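Here's the structure we're looking at; comments come further down.
The values are calculated or read from the model by the stated rules, or taken from the named source; none is laboratory data. Just so we're clear, the structure is a prediction, and the values are computed from it rather than from any experiment. Using ideal geometry, Cβ is built from the backbone for each residue, glycine included, and neighbour counts are taken over all protein chains shown. All accessible areas refer to the heavy atoms of the entire protein, side chains included, with ligands and DNA or RNA removed. Shrake-Rupley method; radii C 1.70, N 1.55, O 1.52, S 1.80 Å.
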Amino acid sequence: KNQVEQSPQSLIILEGKNCTLQCNYTVSPFSNLRWYKQDTGRGPVSLTIMTFSENTKSNGRYTATLDADTKQSSLHITASQLSDSASYICVVSEGGNKLTFGTGTQLKVEL
Amino acid sequence: DAGVIQSPRHEVTEMGQEVTLRCKPISGHDYLFWYRQTMMRGLELLIYFNNNVPIDDSGMPEDRFSAKMPNASFSTLKIQPSEPRDSAVYFCASIQDGGGTGELFFGEGSRLTVL
């Protein structure tokens, strides 16, 4: 069964610090991997989309990495801000419209 | 474009009542998806449409759930009769490229509470 596992489940960091969120998947075949940010009470918003041939992609202070051999991805947040407090969801696509969602990492950034 | 628009944002109803959720996708997007999000299970695909035609409804939990897309700019998800276990946030999303690499845009969701 295709699965996407994220860790940690939740994380609290101080403003200005960096953090890394992990995503392991067993989805096959693999087409692309996406990271979404979901603010409380809002819909998910896309941060990055990476295909098999891409091993890193940045969007401002967010940098995603992908190791398709080990089926692992990470999302690194640099110099965190209070507005980064959200749930971060890893999504893996088999191709077409078959997406498998992780249950997310809940990040809280505190002063 | 205003993005994917969903209504209502919040719905509180009693068990047994009919619930209708509405969605307007982004203009020009050929694919529309309905998802359900709960704390325990995260986001789950219920059904998706391509050019107004239902393609995969295998995620629809049971016959109480139905979805329609009468035209390219409107879709509904109906639950009849509703049950407390249907309480969740329901998201509509649309995408232009159905090949799998396009960006999926979500609406703000409809939070349903069934008492």
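Assorted remarks:
- Condition check for B:E11: more than 14 Å from chain A (Cβ to nearest Cβ), assigned to a strand (DSSP E or B) and of a type outside the set (S, T, N, Q): yes
- Put simply, of B:S73, B:S66, B:S94 the only residue that is of a type in the set (S, T, N, Q), on the phi < 0 side of the Ramachandran plot and within 14 Å of chain A (Cβ to nearest Cβ) is B:S94.
- Segment A:88-111, residues that are polar (S, T, N, Q) and farther than 10 Å from A:V27 by Cα: A:N97, A:T103, A:T105, A:Q106
- Taken together, the criteria place B:L104 among residues that are touching a residue at least 60 places away in the same chain (Cβ under 8 Å), touching a Pro at 6+ places or on another chain (Cβ under 9 Å) and open to solvent by less than 10 Å² (accessible area, probe 1.4 Å).
- For segment B:76-91, the set of residues classified as surrounded by 15 or more Cβ atoms within 10 Å (Cβ to Cβ), in contact with a Gly (Cβ under 8 Å, 6 or more places away or on another chain) and away from chain A (no Cβ under 14 Å) consists of B:S82 only.
- Residue list for segment A:69-105, restricted to those being farther than 16 Å from B:E103 by Cα, of a type in the set (D, E) and not in a loop (DSSP other than H, G, I, E, B): A:D84
- Strands (runs of 3 or more DSSP E) enclosed by segment A:1-57 - at least 1 residues per element that are within 11 Å of chain B (Cβ to nearest Cβ) and of a type in the set (K, R): A:32-38
- Any chance A:T63 is part of a strand (DSSP E or B) and touching a residue at least 24 places away in the same chain (Cβ under 8 Å): no
- B:P54, sole failed condition from (1) open to solvent by 40 Å² or more (accessible area, probe 1.4 Å); (2) away from chain A (no Cβ under 13 Å); (3) in a strand (DSSP E or B); (4) more than 18 Å from B:A88 (Cβ to Cβ): (2)
- Segment B:20-46 - residue that is under 23 Å from B:P81 (Cβ atoms) and over 12 Å from the mean Cα position of the chain (by Cα) and, of those, least open to solvent (accessible area, probe 1.4 Å): B:T38
- Selection within segment B:47-60 - within 13 Å of the chain's Cα centre (by Cα) and in contact (Cβ under 8 Å) with a residue 12 or more places away in the chain: B:I47, B:Y48, B:F49, B:P54, B:G59, B:M60
- Subset tally (residues that are under 11 Å from the mean Cα position of the chain (by Cα), within 14 Å of another protein chain (Cβ to nearest Cβ) and open to solvent by less than 50 Å² (accessible area, probe 1.4 Å)) for segment A:67-111: 10
- Qualifying residue in segment A:101-109 (condition: of a type in the set (S, T, N, Q) and farther than 20 Å from B:L46 by Cβ): yes
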